[in-house]
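Here is the structure we will look at, set down as structure tokens.
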Amino acid sequence: MWIGRERGSGSGAAAGGTFLDGQLLVAMPGMRDERFARAVIYLCAHSSEGAMGIIVNQPAHHIKFSDLLVQLDVIPQEERIRLPSSAGEVKVLRGGPVETGRGFVLHSADFVIQDSTLPIDDGICLTATLDILKAIAGGGGPANALLALGYAGWAPGQLENEIQQNGWLHCPADQTLVFDAEAAAKYDLALRKIGIDPGMLSTEAGHA
């Protein structure tokens, strides 16, 4: 598993003059890349070197967290029925088109693994080691967690350009939207958080 450690700090400017790690990216209706249609992305890292985020509203259908624990040898097959209820509540997402064979746990900040957990913002962290999966399987771990397969990545300047081309809106994130809301509702909730009626969005270029 892999995790980028870069964060937006120092010189360089994104759209609006600041880096956007810890914010939500919300795809505009005119998004041309079908992989990101109606996507809501929690931006984990953003700097002059590029950006990395996790799509939080695309469930990985037909994949259960318990199945992954067995496949990754975190638990043996016979231990599945003994998993704590909290482990059964962890949702598995399609986190993005990059490194889809690797797992990334987006979670609340009440659980930290030294030298492995990346604190991001507003009480949300990212950890990409098996240790956090073992903790969750054992009844420990964070109070809130999502397991994403893959991530979304941008080269230097690419995200800024996409925002300028009316590809994305962005707004501050909150734990309720990231962890608690149903995946199907997150897009409209994020738009309303920005103050936009989803039915009023135009697919034409310009600024919302």
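Below are the figures for this structure:
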| quantity | calculated |
| --- | --- |
| Set V92, V105, V40, V74: member being under 12 Å from the mean Cα position of the chain (by Cα) and farther than 24 Å from L20 by Cα | V92 |
| Qualifying positions in the stretch 152-173 - open to solvent by less than 30 Å² (accessible area, probe 1.4 Å) and closer than 25 Å to G101 by Cβ | A152, W154, L159 |
| Residue match in the stretch 127-139 (condition: at negative phi, in a helix (DSSP H, G or I), of a type in the set (G, A, S) and touching a helix residue (DSSP H, G or I) at 6+ places or on another chain (Cβ under 9 Å)) | yes |
| Given (1) charged (D, E, K, R); (2) in contact with a Leu (Cβ under 8 Å, 6 or more places away or on another chain); (3) within 30 Å of T129 (Cα to Cα), index of the condition D174 fails | (2) |
| Every residue from the stretch 126-155 that is more than 19 Å from F65 (Cα to Cα) and of a type in the set (A, V, I, L, M, F, W, C) | A152, W154, A155 |
| Answer residue from the stretch 120-136, given it is in contact (Cβ under 8 Å) with a residue 60 or more places away in the chain and open to solvent by 20 Å² or more (accessible area, probe 1.4 Å) and is nearest to E182 (Cα to Cα) among those | D122 |
| Residues satisfying the stated conditions in the stretch 158-173, i.e. in contact (Cβ under 8 Å) with a residue 40 or more places away in the chain and touching a strand residue (DSSP E or B) at 6+ places or on another chain (Cβ under 9 Å) | Q158, L159, E160, I163, G167, W168, L169, H170, C171, P172, A173 |
| Residues satisfying the stated conditions in the stretch 39-86, i.e. in a strand (DSSP E or B), open to solvent by 30 Å² or more (accessible area, probe 1.4 Å) and among the aliphatic types (A, V, I, L, M) | none |
| Qualifying residue in the stretch 118-126 (condition: within 27 Å of D21 (Cβ to Cβ), among the β-branched types (V, I, T) and touching a Gly at 6+ places or on another chain (Cβ under 8 Å)) | yes |
| Count of the stretch 87-104 residues which are in contact (Cβ under 8 Å) with a residue 40 or more places away in the chain and assigned to a loop (DSSP other than H, G, I, E, B) | 4 |
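The values are calculated or read from the model by the stated rules, or taken from the named source; none is laboratory data. Note that the structure is predicted; figures quoted are calculated from it, not measured. For neighbour counting, all protein chains shown are included, and Cβ atoms are generated from backbone atoms with ideal geometry for every residue, glycine included. Surface areas here come from the heavy atoms of the whole protein model, side chains and all, with no ligands, DNA or RNA. Shrake-Rupley method; radii C 1.70, N 1.55, O 1.52, S 1.80 Å.
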